[in-house]
1. If I compute solvent accessible area with a 1.4 Å probe over the protein chains, what percent of it on the stretch 108-214 is carbon and sulfur?
2. If the elastic network links every pair of Cα atoms under 10 Å, which of SER257, SER115, SER67 fluctuates the most in the Gaussian network model of the chain?
3. Pick out, in residue order, every one of the trypsin sites (Lys or Arg not before Pro) in the stretch 236-286 that is DSSP loop and has at most 15 other C-beta atoms within 10 Å; say none if there are none.
4. Multiply the residue gap between ARG34 and GLU104 by 0.36 nm, knock off their C-alpha separation, and tell me the result in nm, one decimal place.
5. Starting from 0.36 nm per residue, how many nanometres of slack lie between ASN172 and SER271 once their C-alpha separation is accounted for?
6. Give me the accessible area per residue for the chain, probe 1.4 Å, as a whole number in Å².
7. Given R₀ = 41 Å, what would the calculated FRET efficiency be for ARG338 paired with ASN200, taking r from the Cβ atoms and rounding to 0.05?
8. Of LYS69/LYS336; LYS69/LYS329; LYS87/LYS270; LYS141/LYS231, which ones are farther than 29 Å apart at the Cα?
Amino acid sequence: MLDERKIKILRAIIDDYIATAEPVGSRTIARKYRMGISPATIRNEMADLEELGYISQPYTSAGRIPSDKGYRFYVDFLMNCKKLDEKDIFIINQLLKKRIRELEDFIEDTSKTISNLTNYTALILGPELNNSFLKHIEIIKIENKKGLVVIITNLGNVVHQIIDIPDGFKDNELTRISNLLNTFLKYKTIDEITPELMENVKHEIIEHEEVICILMNILIETLSQFREGGKVYYFGSSKMLDFPEFRDLDKARSFLSLLEEEDLISNILKSITKPNKISISIGNENPWKELQDYSIITTNFSIDNNNLYILGVLGPTRMDYSRVVTILKELVESLKERVNNIL
């Protein structure tokens, strides 16, 4: 374990480097942090920290920068969660006040809010939907030969599609079909709605076979989309290009290419995230070489033990860990209360 003086110097190096992106020298620490020791003593302590692997020197005569090991020590033992200021709280409240028509739109807005608050790239992974169930199915007549089919799951996913209906089809017939569909399919999980079950539904409403066949096709298509599950949303990719670390053109291209790998991002988010915890993976701790220049902070968002979404923030290893953790914690608590009201 590091002694108190080394810990103070390590904290100063990390805080200064996060703020400036410039290697930190002994004179800077002596001047800014007033530890009551000379630059020469600080240099000796920095040499020890470098030998222990907590900091490194990017080139001769430069100051020091934190290593991944140094960031890990900082995150585990030194980091204090920051309080959000009034502007941050206002931005979060504006998100929560938005009228929610569909959960998916709300999650997209959430990713924008996370990115705007942190200035990093926000990543959100949607739920695996195989075990979700249908909460409601309804067909509404919108004009003489047109109807609107609305399908809602318990996780807030909403599908709506306009269909053709026979001329003269009465509203009460659409209501009867909706009721029968709900009788057979409501509370069934996606995997329980089999072709055999849907055939049974058709036999119950045989006189409206034309409309039922259309509805069955919509259901089959919808269910196949749900089985894919795990949609990845991201926002703020361009924000990363503002950091000095990504001014190198090859590195910028590599980062943008990484975001296009949806399966990879999905696997990363699922493997890093631990239930009901903030998880932080730093640089070379990531088993994927594509991520070893980055840090990623994630948490899951669940309602009634249903894991709805994984929220993540991707940034340089020189990210402001404390601020990101505070924002994710605040958002998750606020979102739980908001989304509980619409599911």
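1. C and S atoms contribute 49 percent here.
2. In this elastic network of the chain, the residue with the biggest mean-square fluctuation among SER257, SER115, SER67 is SER257.
3. Answer by residue number: ARG247, LYS277.
4. 20.2 nm
5. Taking ASN172 through SER271 to full extension adds about 30.7 nm, to one decimal.
6. Here the per-residue accessible area is 51 Å².
7. 0.60
8. LYS69/LYS336; LYS87/LYS270; LYS141/LYS231
The values are calculated or read from the model by the stated rules, or taken from the named source; none is laboratory data. Everything numeric here is computed off the predicted structure, so don't read it as measured data. Ideal geometry is used to build each Cβ from the backbone, glycine not excepted, and the neighbour counts take in all protein chains shown. Quick note on the areas: whole protein, heavy atoms, side chains included, nothing else; ligands and nucleic acids left out. Shrake-Rupley method; radii C 1.70, N 1.55, O 1.52, S 1.80 Å.
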